[in-house]
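Chemist: Sharing a structure, written as structure tokens. Questions coming.
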Amino acid sequence: MPEYVHIFNLIFGYGAIVAQVLCLLVLFLLFFGPKENKLLTIIKENFVTIGFIFSLLIALSSLFYSQIVGFAPCALCWWQRVFIFPQVFLFGVAYFKKDKGILSYSFPLLITGMVIAFYHNYIYYFGEGLAPCDSSGVSCVQRLVNEMGGYISIPSLSLTSFVILITILLVVKFYKKENVL
């Protein structure tokens, strides 16, 4: 594997860890923090832009691994892509049309993709025998990215991606509920 792939793995890995910590912080503030919070206000006011940027970065990083590095996506990765790739277009159109109603059509796709990502993580880390892949195709448990003691993997990056976007939408849904569109 070329050295640049390892560097990108580390960048994505550290980025995922920072994003996971930030998601936990945002969720804590959302459900247990004070009624007024500057961070949550910024997220709520700019969620379409933030969602577009994150969904674009997520899609590009997925395409980086498959198209540039040459990692063929497994069956579960393809299903996760089915639910994450449209987010770029949904948030992009919502941005240009100034449509704040994206929550109702983005959220079900993200929840479905996150369930698949949870399952993928489960079989990747704990239940290799449950993988829906056979020996003739790309394995869902193949260790293509294995950084930070195995914590960072393609399945964990995918799950983190869904959690980021869902966290943003949860802020829109629940922060100052009386103002939710």
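Chemist: Take the conditions assigned to a helix (DSSP H, G or I), surrounded by 13 or more Cβ atoms within 10 Å (Cβ to Cβ) and in contact with a Ser or Thr (Cβ under 7 Å, 6 or more places away or on another chain) and apply them to VAL5. Does it pass?
Modeler: no
Chemist: Continuing with the same structure: All but one of (1) within 18 Å of ILE166 (Cβ to Cβ); (2) in contact with a Pro (Cβ under 7 Å, 6 or more places away or on another chain) hold for ILE53, so report the exception by its number.
Modeler: Of everything listed in (1) within 18 Å of ILE166 (Cβ to Cβ); (2) in contact with a Pro (Cβ under 7 Å, 6 or more places away or on another chain), ILE53 misses just condition (2).
Chemist: Which numbered condition in (1) modelled with pLDDT under 90; (2) not in a loop (DSSP other than H, G, I, E, B) is the only one that SER161 fails?
Modeler: All conditions are met except number (1).
Chemist: Which residues, counting only those in region 24-60, are buried (at least 18 other Cβ atoms within 10 Å of the Cβ) and not β-branched (Val, Ile, Thr)?
Modeler: Residues satisfying the conditions are LEU30, LEU40, LYS44, PHE47, GLY51, PHE52, PHE54, SER55, ALA59.
Chemist: Kindly check whether there is at least one residue in region 171-179 that is surrounded by 14 or more Cβ atoms within 10 Å (Cβ to Cβ), modelled with pLDDT of 95 or more and among the aromatic types (Phe, Trp, Tyr).
Modeler: no
Chemist: Also, quick follow-up: Would you confirm whether or not region 93-105 contains a residue that is within 30 Å of ILE7 (Cα to Cα) and buried (at least 18 other Cβ atoms within 10 Å of the Cβ)?
Modeler: No: zero hits.
The values are calculated or read from the model by the stated rules, or taken from the named source; none is laboratory data. On a predicted model such as this, the values are computed, not experimentally measured, just so you know. Note that each Cβ is placed from the backbone with ideal geometry, even for glycine, and that neighbours are counted across all protein chains shown.
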